[in-house]
Amino acid sequence: MQPGTEQTAAGPEIWVRGPVAEPEVRPDPAPLATANTRRFSWVATHGGAGTTTLATVFGGHDAGRNWPRPEHGDPASVLLVGRTHAAGLDAVSHTLDIFRRGDAPPGLDLDAIVLVADAPGRLPRQLVQRVKVIGSVIDVYRVPWVPAWRTGDLDGPPPRESASLARLTGRTP
């Protein structure tokens, strides 16, 4: 038996010295706020960039080659999309420069560049170098060549190689 305790028929009784405060009654904690998935507008920097496919697979607004219009409910957060061929990277650089100069419509927030593979396999060294230059000024997300997308099969999960883009858009695999 511990000092300060006394055995009773119901079990040990604990003696406490000094005043005992009433137990604090705490209100039920507020439910944790659920994080809202941030909505994005996919903006093509050139024809055939892949905004429709990306909006279908990852969610968000397909703005095509137009600027999103937040005043009409389009998300103001922009993901610029281009292919990884030379013309696609030129178009991405040109559109990125529009934002840099402040010539994009007011209220738009450029979040990242999304580069979609223009062919299976590795990029040639000179294109890798251009991707690095773009990545030195803004986040770049790469999407690999997906043969199923070419035939219109967009029902599967996003490719494993684009997991960071899936996390950004809230479409986790």
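The values are calculated or read from the model by the stated rules, or taken from the named source; none is laboratory data. These numbers come from a predicted model, not from an experiment. Every residue, glycine as well, gets a Cβ built from its backbone with ideal geometry; the counts of neighbours run over all protein chains shown. Accessible surface is based on the protein model in full, side chains and every heavy atom, while ligands, DNA and RNA are left aside. Shrake-Rupley method; radii C 1.70, N 1.55, O 1.52, S 1.80 Å.
If you go through segment 78-96 and keep only what is surrounded by fewer than 19 Cβ atoms within 10 Å (Cβ to Cβ) and among the small types (Gly, Ala, Ser), you end up with 86, 87, 93. Taken over segment 164-173, the residue count meeting the criterion of being loosely packed, with under 15 Cβ neighbours inside 10 Å and assigned to a helix (DSSP H, G or I) is 2.
Being in a strand (DSSP E or B), open to solvent by 30 Å² or more (accessible area, probe 1.4 Å) and in contact (Cβ under 8 Å) with a residue 60 or more places away in the chain, is that true of even one residue in segment 97-116?
To start, the set of residues in segment 97-116 that are in a strand (DSSP E or B) comprises 109-116.
Next, from what is left, pick out any that are open to solvent by 30 Å² or more (accessible area, probe 1.4 Å): 109-111.
Applying the additional criterion that residues be in contact (Cβ under 8 Å) with a residue 60 or more places away in the chain yields 111.
The answer is yes; a qualifying residue exists.
Considering only residues in segment 58-71 that are without any contact (Cβ under 8 Å) to a residue 60 or more places away in the chain and part of a loop (DSSP other than H, G, I, E, B), the one that is least open to solvent (accessible area, probe 1.4 Å) turns out to be 68. Name the single residue, out of those in segment 124-144 being basic (Lys, Arg) and more than 19 Å from the chain's Cα centre (by Cα), that is surrounded by the fewest Cβ atoms within 10 Å (Cβ to Cβ). That would be 125.
Being surrounded by fewer than 17 Cβ atoms within 10 Å (Cβ to Cβ), of a type in the set (Gly, Ala, Ser) and modelled with pLDDT of 95 or more is the requirement here; does residue 55 meet it? Against the criterion (surrounded by fewer than 17 Cβ atoms within 10 Å (Cβ to Cβ), of a type in the set (Gly, Ala, Ser) and modelled with pLDDT of 95 or more), residue 55 does not qualify. In segment 145-160, which residues are touching a Lys or Arg at 6+ places or on another chain (Cβ under 9 Å) and loosely packed, with under 15 Cβ neighbours inside 10 Å? Listed by number, the list holds a single entry, 157. All conditions in (1) among the β-branched types (Val, Ile, Thr); (2) within 18 Å of residue 64 (Cα to Cα); (3) in contact with a helix residue (DSSP H, G or I) (Cβ under 6 Å, 6 or more places away or on another chain) hold for residue 114, with the sole exception of (3).
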